[in-house]
Amino acid sequence: TWGAANEAAAPHGLVASGDAALRAEVRNLVELPIAVLGSFDEAYLELPDEVLSTVMIHHQRFFPTHREDGALARHFVGISNNRVSDVGIVREGYEQVLAGRLYDARFFWDADRRKSLSQHAWGLSGIAFQKDLGSMADKIARVSEVAASLAEALQLPKDERGALDQALPIFRADLSTDMVYEFPELEGVMARAYARAEGMPEQVATALEDGVLPKGPGDRLPATRIGAVLA
């Protein structure tokens, strides 16, 4: 399946991408892998790459493609389990299904950005953390106290302490966004994306994503000290 995906992408100067989990899942789903190269509206490239990749990989089992410069392309590779006389029919079906998913993602992206992360943070009080430990807002309040103590113990420089203070009130605010409700795996990623869209410092945006890492065994660790404190 992996070889077929790259064979379909190569004539267009593209390289298929996808982690080992996707390759294994697709390989186990099909017996006669037929790679079909499809595309989506270029306007959707305005969405963060992680949103596009999540929709393609986790929800459609498609392989995203990248150009030689590493940029995400408007093409994808779907793996069919059947050889048909007119592959265009299969391609059209793949493209229609993906278009609907991407339309929803762009709707969530636009709707979420009508509020600031500070406003989304208000919604954390309505999200339960644990029965005996209150809401996510209660949890973040506790995190803020511990983070302040850690920052002092670590003697964080003034600029990092300032970024931490800016990140704390909106930490995990993306949990109350429509995008993360629909695509939970994007928690942290969307906090970073929305912070950037608001024009927040990159140090703050990165810390918001780092603060929810690692998400599981084998996941990457926070790359910044602020993110490590939040985590």
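Sort out which residues of the range 185-205 are more than 18 Å from D49 (Cβ to Cβ) and out of contact with any helix residue (DSSP H, G or I) (no Cβ under 8 Å at 6 or more places or on another chain), and write them in order of number.
Within the range 185-205, G199 is the sole residue that qualifies.
Just to be sure, is V36 at pLDDT below 95 and farther than 26 Å from R196 by Cα?
no
Please find, among R106, R83, R27, the residue that is part of a helix (DSSP H, G or I) and modelled with pLDDT under 95.
Criteria check complete, one pass: R27.
Can you name every residue in the range 58-80 that is open to solvent by 10 Å² or more (accessible area, probe 1.4 Å), of a type in the set (S, T, N, Q) and not in a helix (DSSP H, G or I)?
S80
If you scan the range 22-42, which residues turn out to be among the hydrophobic types (A, V, I, L, M, F, W, C) and free of Cβ contacts under 8 Å to residues at least 24 places away in the same chain?
The one that is among the hydrophobic types (A, V, I, L, M, F, W, C) and free of Cβ contacts under 8 Å to residues at least 24 places away in the same chain: A24.
Return the residue satisfying two criteria in turn: it lies in the range 30-57 and is open to solvent by less than 40 Å² (accessible area, probe 1.4 Å) and in a loop (DSSP other than H, G, I, E, B), and of such residues it is farthest from G100 (Cα to Cα).
Ranking the candidates gives V30 first.
The values are calculated or read from the model by the stated rules, or taken from the named source; none is laboratory data. Because the structure is a prediction, the values reported are computed rather than measured. A quick note on method: Cβ atoms are made from the backbone with ideal geometry, for glycine too, and the neighbour counts reach across all protein chains shown. We work out accessible area using only protein heavy atoms, side chains counted, and drop any ligands, DNA or RNA first. Shrake-Rupley method; radii C 1.70, N 1.55, O 1.52, S 1.80 Å.
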